[in-house]
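Shown next, in structure tokens, is the structure this report addresses.
The values are calculated or read from the model by the stated rules, or taken from the named source; none is laboratory data. Quick caveat, the model's predicted, so the values are computed rather than measured. Counting neighbours? That spans all protein chains shown, and the Cβs are built from the backbone with ideal geometry, glycine included. Surface areas here come from the heavy atoms of the whole protein model, side chains and all, with no ligands, DNA or RNA. Shrake-Rupley method; radii C 1.70, N 1.55, O 1.52, S 1.80 Å.
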Amino acid sequence: MKKKLMYLTLLLFGLVSCGDDFADTPAVGALSDETLANPQGVDLLLTGAYSVLDGTRNNLTGNGFAVSGDNWWFDVMSDDAHKGSTDGDQEELLFLETNNIQTSNTYVRGKFQALYAGVNRANAVLSVIEAIDTSTFTANEVATITGQEAEARFLRAHYNFELTKIFGNIAIITVENFNAQEFNQPNVGPAWDIIESDFQFAIDNLPEQQADPGRPTAGVARAFKGKAHLYQQEWADALTLLNTVINSGEFALNANYLDNFTAAGENSDESVFAIQFAADTGVSPNGNQGSTLNFPGGGPFGSCCGFYQPSIDLANAFQVDPATGLPLFDTFSDVAFKNDYGINSADAFTPDTTTPVDPRLDYTVGRRGIDYNGFGEHIGKEWIRAGFSDLSGPYLPKKNVYQQSELGTNQGSGAWGQQHSGINYNVMRYSDVLLMAAEAAVETNDLALALNLTNQVRARAANSSQVQAVDGSGPAANYMVGEYASFPDQTFARQAVRFERRVELGMEGHRMFDLRRWGASVEILNEYYTNETNVITNFGPKVAPYEARFDLSPIPIDAIDLSGGILTQNPGY
């Protein structure tokens, strides 16, 4: 299924047209709705709807970074990551990092276009299904069509969810709009009603198991609907659905944390729903094109271009109390974890191996003196493309970068060092489900449940394999993870669960959306700018203060112009 979903992309690229004669005569090489009005034809269209998950299948901006399905550049807007590379390369991303957010930004526009392309691909499937006469179908064929409708509605809900969490006030495009070619709809508000309705249809009509990896089950739909309730602070509804997923036994934590980011762990019990990437020889059209430059700039496999570097603040967050192994909620940034910022590779540097840290640090943050995904010792500045005057820092990403052992299987590379990795992107992992349920439990004041769920995630971190020293002498650092003995009150529990989300899911595209929905972005990000400037001294002077209006991205100005004013701008832009 993984490769099937991707290899049919080019065939399907022209199937969903918005031309005036779409319903009349199909273009040469295209298929008519009548030809597609059967389970096989619907599956072809459905594959096209899946293929837009990575964003690049409908990239009208020419900027593959902008549309990436893994949301990596939203981490850059948060306290988890820097843009990386030199400040002048991909300058519009630097504008987002430094809060110079314009309505014409190509990253924002690309994401807007890609997600609406996904909505339209899903609507194309539903349009064909709606017109099918099933009176001559067998019972199995009818069941197949119903399941395909459920998959299409799941995908439409996912795309609308992404649009809502990014832009807030969005235009809702229905099948009726699609059939009438009436795409110019007002953005009257969040799309929660249609999102919940689509996820519920998926819950009611998807199977509990799927033969092909990458297709959602009813349990997956429950998890996503639970997330939709969480984003609306409908805590009891969220907890009910998420508990059902947890108690179903369909998913489980991998024994080793690292398995979530390797080929061997793809579509494992921990993977709830993932974008299915595949690496081929040469330039891989089926690899992760949206993160093609997010690899060491001058690193061990000749990659380019050094974007997406973990922040000083994120690395600091993995420090733990030496007595308990628990996070340092309020003091982790008081003293920066030792790093080689400002030090050239030719100059001496010894990494910190004594300060107690969560072992997830060295699976998330590539730091000098520590093994880099099996490629040997990270040698520092020579693998960092940016200069010391750029807003990038000393660290490299690790979760999106394949292991040395996967060079023949998970690496798709091409000209000038680009990398089209075949590593799946987990849109949702089971640990995310546990922590969302823990968050809902906190807000409903079930602190015992929240404690149990959070400790499950911490116990896995404690019992996972650890990064080893490059000289083979043992663990690369003083790794410690403790479990919470209790959550004494709701305030402490809320802080613990939120902090756990950061260290568990860091550099996975979730952090900015968490800060926004918690209403914590203004306080945390402005404090981050101050703390980060203690190491990267020119960071603060280049960053404008974060304002609450940035919690919604602007509606692209060209979309507003093309709508003739039917689309309206989000407040403050």
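Some points to look at:
- Hits in the range 77-128 (condition: of a type in the set (Ser, Thr, Tyr) and surrounded by 24 or more Cβ atoms within 10 Å (Cβ to Cβ)): Ser78, Ser85, Tyr107
- Residue within the range 137-155 that is open to solvent by 50 Å² or more (accessible area, probe 1.4 Å), outside any helix (DSSP H, G or I) and over 25 Å from Ala274 (Cβ atoms) present: yes
- Residue within the range 320-338 that is of a type in the set (Phe, Trp, Tyr), part of a strand (DSSP E or B) and in contact (Cβ under 8 Å) with a residue 60 or more places away in the chain present: no
- Annotation: Gln210 fulfils all but one of (1) assigned to a loop (DSSP other than H, G, I, E, B); (2) in contact (Cβ under 8 Å) with a residue 60 or more places away in the chain; (3) of a type outside the set (A, V, I, L, M, F, W, C); the unmet one is (2).
- Pick from the range 156-190, criterion within 25 Å of Ile101 (Cα to Cα) and aliphatic (A, V, I, L, M), ranking: most open to solvent (accessible area, probe 1.4 Å): Val188
- Long-range neighbours under 6 Å by Cβ, at least six apart or interchain, first residue free of Cβ contacts under 8 Å to residues at least 24 places away in the same chain within the range 161-183, second outside any helix (DSSP H, G or I): Ile170/Asn187; Ile170/Ala191; Ile172/Ala191
- Test: Ile560 is of a type in the set (A, V, I, L, M), over 24 Å from Pro397 (Cβ atoms) and modelled with pLDDT of 95 or more: yes
- Taking the range 330-374 as the range and being open to solvent by 10 Å² or more (accessible area, probe 1.4 Å), hydrophobic (A, V, I, L, M, F, W, C) and more than 22 Å from Thr530 (Cβ to Cβ) as the test, the residues that pass are Ile343, Ala346, Ala348, Phe349.
- Search result, residues across the range 502-523 that are within 19 Å of Ile166 (Cβ to Cβ) and either touching a His at 6+ places or on another chain (Cβ under 7 Å) or among the β-branched types (Val, Ile, Thr) (or both): Val522
- Exactly one residue among Leu46, Leu53, Leu96 is in contact with a strand residue (DSSP E or B) (Cβ under 6 Å, 6 or more places away or on another chain) and modelled with pLDDT of 75 or more, and that residue is Leu53.
- Every pair of residues 6+ apart whose Cβ atoms lie under 8 Å, when the first sits in the range 84-103 and is over 15 Å from Tyr308 (Cβ atoms) and assigned to a loop (DSSP other than H, G, I, E, B) while the second is among the acidic types (Asp, Glu) and open to solvent by 10 Å² or more (accessible area, probe 1.4 Å): Asn99/Glu547
- Taking the criterion of being hydroxyl-bearing (Ser, Thr, Tyr) and either open to solvent by less than 50 Å² (accessible area, probe 1.4 Å) or outside any loop (DSSP other than H, G, I, E, B) (or both), the residues of the range 243-281 that qualify are Thr244, Ser248, Tyr257, Thr262, Ser268, Ser271.
- Against the list (1) touching a Phe, Trp or Tyr at 6+ places or on another chain (Cβ under 8 Å); (2) part of a loop (DSSP other than H, G, I, E, B), the condition Tyr363 fails is (2).
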